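A quick write-up on the structure given underneath.
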Amino acid sequence: FFSWSMARKKVREYHGKHLLKTHVKKFSKLSFSSKVNPILINKETLTVGWAKLKQDQPWLLREKLVVKPDMLFGKRGKYGLVKVNATIEEVKQFVAERIDKPVKIGDVEGILTHWIIEPFVIHEAEFYFSIESLREHTLVRFSPKGGIDVEENWDAIRNLEVPVGENIAQQSKDVLDSFLNGVPSHLYNATMAYITTMFDLFEALDFVSIETNPFTLIKAEESETENSVDGWQPVPLDMCAEVDDTALFKQVRNWGDMSFPDAFGNYKTDEEKHVEELDAKTGASLKFTLLRPAPQGRIWTLVAGGGASVIFADTVVDLHQSGYLGNYGEYSGGPNAEQTYEYAKTVLQVATQFPDKQGRVLLIGGGIANFTDVAKTFKGIVHALKEFKEQLLACNFRIYVRRAGPNYKKGLELMKLVGKELKLPVYVYGPEHTMTEIIPMAIDYIKETTVE
């Protein structure tokens, strides 16, 4: 289950709507109304790009508008973050009063950096619709009672499980009639066309989930009648979506400039961004998450292998020392010495900040490697240790090493030699010790040097 969820990446409402609108005509005569015309803005748009925005999008001056944050969280209306039926200047004022200012959404505080502007749509019916890819089937949900109070009407939501390899059009008429029960008869055909087309788009564009709550149907303008069903066209008023980012290689043209922003309130440090860039440039895997900066973070890890990284972190937690764990991360897939050096250097940059009188530890560990050359990766780590000699000494670091695998004896010897050269306490172990035996040793040192 864990690996199944790893590929899910949330996308902005702007990108989701733009993607669907761009490709809908490939699958159906039904296309979204021209009212589906999202524009993404940020602080730069307000400060230096406002005149150009109005020049490039003159319809903004003619129509009433809706504006809301596009920050990967829902219930924006309930938090008072949606302005409807507004002029372009009212939109600007509303956003200017809130952009780049802290706001609390539930238990998470963050900054509202990106906003979406759309035409205001006068409508009556509001429907709920969602699709989610699961292991055994695709789950489709629908309710004739959509909108802001959908949770209060959750018992009205119907589920349709579409087997892998099938689509909605292949389901029986009785099943579909029951699924859409409650839809006014004059909107039935257009609603059916919408959910059928959305399912096809979902599959073709490698979405993992889509929720449009609400979506509505409005009368097509005369110029758009050919792209309607019974004269009606869909408008997804609110939308959230996730894609399978492992499909980027085959969707690069379809997805275009679509980005994967951080979750609201979760902002990456420069070091985390740097490791992401390193990871993107190599066939190996390099991961780094800062849990707590120094000096609060006193236990730091350079662990080989995703499984080993989990075991190391879990062991620290099991020994009731999670409050000292500075980072979570791993290097694997056979990175070369230069890549390992860059990775280790990045970890040491944050681990050696703000020295105090208390001790810190660096755990260099992993299981028994299958194909990673231990000596080669250790050369990169040794290079970084030499570069940070003074900082490591100033922070009273002890280094604990446990590793095995191809060329491990040479790698362990490198670690022993660098300890002597730098006059750093380095404790080195091979496969004669279990992978996690070095962790209690390190924690004992943390306890000994803790200043109450």
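None of the figures in this text is laboratory data; all of them are computed from the coordinates on show. Remember, predicted model here, so these are calculated numbers, not experimental data. Because the Cβ atoms are built from the backbone with ideal geometry, glycine has one as well, and the counts that use them run over all protein chains shown.
Among Thr434, Thr216, rank each residue by its count of other Cβ atoms within 10 Å, from fewest to most, as a rough exposure measure.
Thr434, Thr216
Which of the residue pairs Lys287/Lys420; Lys75/Lys101; Lys26/Lys52; Lys17/Lys68; Lys29/Lys173 have a Cα-Cα distance greater than 24 Å in the structure shown? Pairs exceeding the cut-off: Lys287/Lys420; Lys26/Lys52.
For the listed peptides 71-82, 16-27, 251-262, a ranking on the average number of other beta carbons within 10 Å per residue, highest first, reads 16-27, 71-82, 251-262. Electrostatic bookkeeping for Arg402 treats Lys and Arg as +1 and Asp and Glu as -1; over the other residues with beta carbon under 14 Å from its beta carbon, the sum is +2.
I want the local charge near Asp100. Using Cβ-Cβ distances under 12 Å, sum +1 for each Lys or Arg and -1 for each Asp or Glu among the other residues. Local net charge: +1.
Applying a threshold of 30 Å to the alpha-carbon distances of Lys281/Lys386; Lys145/Lys219; Lys268/Lys379; Lys9/Lys379; Lys9/Lys83 flags Lys9/Lys379 as lying beyond it. So which GluC sites (Glu not before Pro) in the stretch 59-122 pass both tests, a DSSP loop state and at most 12 other Cβ atoms within 10 Å of the Cβ? The qualifying sites are Glu97.
Charge tally around Ser209: other residues with Cβ under 12 Å, Lys/Arg +1 each, Asp/Glu -1 each, net -1.
Cut-off is 10 Å between beta-carbons; in what order do His320, His137, His274, His15 appear when sorted fewest neighbours first?
His320, His137, His274, His15
As a rough footprinting exposure proxy, the listed residues Cys395, Cys240 were ranked by other beta carbons within 10 Å of their own, and the order from fewest upward is Cys240, Cys395. Between the amide H of Gly365 and those of Leu302, Val303, Ala304, Arg402, distances stay under 5 Å, these residues lying 5 or more places away or on another chain, with hydrogens modeled in the peptide plane.
So which trypsin sites (Lys or Arg not before Pro) in the stretch 323-397 end up in coil per DSSP with only 16 or fewer other C-beta atoms within 10 Å?
Lys357
Averaging Cα coordinates gives a centre for the stretch 374-443 and one for the stretch 176-238; these two points are 60 Å apart. Using the Kirkwood radius built from alpha carbon pairs, what does the Stokes-Einstein equation give as D for the chain at 4 °C and 1.567 mPa s, in µm² per second? Stokes-Einstein gives a translational diffusion coefficient of 51 µm²/s. Compute the acute angle (0 to 90°) between the alpha-carbon long axis of helix 13-23 and the principal axis of greatest extent of the alpha-carbon atoms of the chain; round to the nearest 10°. Its long axis makes an angle of about 60 degrees. Counting only DSSP H runs of at least 4 residues, each contributing -39500 (n - 2.57), and dividing by the residue count of the chain, the helix-based mean residue ellipticity at 222 nm comes to -10000 deg cm²/dmol.
I need the GluC sites (Glu not before Pro) found in the stretch 133-165, filtered to DSSP loop residues with at most 14 other beta carbons within 10 Å of theirs.
Glu136
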